[in-house]
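Written below as structure tokens is the structure these notes are about.
The values are calculated or read from the model by the stated rules, or taken from the named source; none is laboratory data. Only a predicted model underlies this, so the values are computations on that prediction, with no experimental measurement involved. Please note: Cβ atoms are built from the backbone with ideal geometry, for glycine as well, and neighbour counts cover all protein chains shown. SASA here: full protein model, heavy atoms, side chains in, ligands and nucleic acids out. Shrake-Rupley method; radii C 1.70, N 1.55, O 1.52, S 1.80 Å.
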Amino acid sequence: VQLQASGGGLVQAGGSLRLSCAASGSIFSINIMGWYRQAPGKQRELVATITSGGLTNYVNSVKGRFIISRDNIKNTVYLQMNSLKPEDTAVYYCKLVNVGSRSDYWGQGTQVTVSS
């Protein structure tokens, strides 16, 4: 499985960005895709996940600001980030888990920088 993330960039506080992550390869019909982020000097943290059935989960700090969605035909997950804050600055990684397997897969990361 390969994951290709895109959409990062530099934005002012209060602005918006949309991340995309396209998956290819041996993808199970039941899977979970998600976004994680890692800020300098910090551990990687979960941002949001979405199951192939559409169930979503968010870290508290982004609830009401970020929206995760997916297109199962395109095997692509999106993260719409609104009302961005400087503390959202991080490298954002997408992840796919094939439910029932022991493997998970990571994209290459895309930088999001929010200026104050």
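Summing +1 for each Lys or Arg and -1 for each Asp or Glu among the other residues whose beta-carbon sits under 13 angstrom from that of Leu17 gives +3.
Using a 1.4 angstrom probe on the protein heavy atoms only, line up Ser101, Ser26 by accessible area, largest first. It would help to have the intermediate numbers written out before the result.
On the way: Ser101 40, Ser26 90 Å².
From most accessible down to least: Ser26, Ser101.
Protein heavy-atom surface of region 1-84, 1.4 angstrom probe: 50% of the accessible area is carbon and sulfur, with nucleic acids and ligands not counted. Under 20 Å of direct C-alpha separation, and excluding same-chain neighbours fewer than eight residues apart, Lys95 reaches these aspartates and glutamates: Glu45, Asp71, Asp104.
Ignoring trypsin sites (Lys or Arg not before Pro) that are buried or in helix or strand per DSSP, and keeping those with at most 14 other beta carbon atoms within 10 Å, what is the longest stretch of the chain between them? Free of exposed loop sites, the longest segment is 1-41. Which one, Ala39, Asn75, Thr49, is farthest towards the positive end of the dipole of region 26-85 when Lys and Arg carry +1 and Asp and Glu -1 on their Cβ? About the Cα centre, the residue reaching furthest to the positive side is Ala39. Per residue, the accessible area of the chain comes to 53 Å², computed with a 1.4 Å probe over protein heavy atoms only. Residue by residue, region 8-18 carries 3J(HN,Hα) couplings of x, x, 10, 9, 7, 3, x, x, 10, 9, 10 Hz when phi is fed to the Karplus relation 6.51 cos²θ - 1.76 cosθ + 1.60 (θ = phi - 60°); x denotes Gly or Pro.
When Rg and Dmax are taken over the Cα atoms of the chain, they come to 13.5, 43 Å. Computed about the Cα centre, the dipole magnitude for the chain is approximately 60 debye when only Lys and Arg (+1) and Asp and Glu (-1) carry charge, each at its Cβ.
Taken along the Cα-to-beta-carbon direction at a fixed 7 Å, the label points for Ala13 and Val59 span 1.9 nm.
Annotation: for a label point projected 7 angstrom from Cα along Cα→Cβ of Ile27, residues of region 101-116 with backbone N closer than 14 Å are 105-107. Translational diffusion coefficient of region 55-116 (Stokes-Einstein, Kirkwood radius from Cα pairs, 10 °C, 1.306 mPa s): 118 µm²/s. Among all the lysines, which ones have a C-alpha under 19 Å from Lys85's C-alpha, if same-chain residues fewer than 8 places away are not counted? Straight-distance partners of Lys85: Lys42, Lys63.
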